[in-house]
1. Give the angle, between 0 and 90 degrees and rounded to the nearest 10, that separates the Cα long axis of helix 9-67 from the longest principal axis of the Cα atoms of the chain.
2. Report the equivalent ellipsoid semi-axes for the chain in whole Å, largest first, defined as the square roots of five times the eigenvalues of the gyration tensor built from alpha carbon atoms.
3. Taking neighbour counts of Cβ atoms within 10 Å as a proxy for exposure, in what order, fewest first, do Ile75, Ile25 appear?
4. Can you tally the net charge around Arg61? Count Lys and Arg as +1, Asp and Glu as -1, for every other residue whose Cβ sits under 13 Å from the Cβ of Arg61.
5. For region 9-87, with only Lys/Arg (+1) and Asp/Glu (-1) charged at the beta-carbon, what is the dipole magnitude about the Cα centre, in debye rounded to 20?
Amino acid sequence: MSNKNPFTPNEKAVIDKIFESEDKIYALRDAFFKYERSLKYERDLKNSLDYAYKEGLKEGRAIRMKKKNVPIEKIAEITGLTKEEIKNL
């Protein structure tokens, strides 16, 4: 058996280009997946903050109504909070 390379220099150059392209494809794929994960993280964070903000507004409104002696049933109806949540404010 010969240890000689079975490819011509042109074939070897094409094969090398294919492997370089494959490496670039995998790098791009990995970058794309990282980007997708970062988008998911940002969306999740935004949704969490939006939810917390809305809940804070409800609780703030409930606290103000409670201070004005609005009945708990009415506060619950307006804010969507449970009677228990309102009592704990």
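1. The angle comes out at about 0 degrees.
2. Working from the Cα gyration tensor, I get semi-axes of 69, 10, 7 Å.
3. Going from least to most buried by this count: Ile25, Ile75.
4. Summing Lys/Arg as +1 and Asp/Glu as -1 gives +3.
5. Charge dipole of region 9-87: 880 debye, to the nearest 20.
Coordinate-derived values only; no laboratory data. On a predicted model such as this, the values are computed, not experimentally measured, just so you know. Reconstructed Cβ throughout: ideal geometry from the backbone, glycine too, with neighbour counts over all protein chains shown.
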